[in-house]
Amino acid sequence: LGEVIDFLDVFWGRYHWPAFNVADSAITIGVTLLFIEMWRTERNNSEKNSATANKEKES
């Protein structure tokens, strides 16, 4: 007990990759993907709204 088990500490030959926490990395990736999805959805909605507004002006 008392050991941290979700840290990765990778060694490749003489190279040492910095240790990182798997749980924190997963949270960061998830939040980043959420922001990207929200941005894409907002962009698509604004494009649809402007297309609808242009069609209404033409009528």
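Entry note, the chain: relative contact order of 19 percent, from Cα contacts under 8 Å with a spacing of 6+ residues.
Across the chain, the convex hull enclosing all Cα atoms gives 97 Å³ per residue. Taking every DSSP helix (H) stretch of at least 4 residues in the chain, weighting each as -39,500 (n - 2.57) and dividing the sum by the residue count yields a mean residue ellipticity at 222 nm of -23000 deg cm²/dmol.
Values quoted throughout were computed directly from the atomic coordinates according to the rules given, and no laboratory measurement underlies them. Computed from a predicted structure; not experimentally measured.
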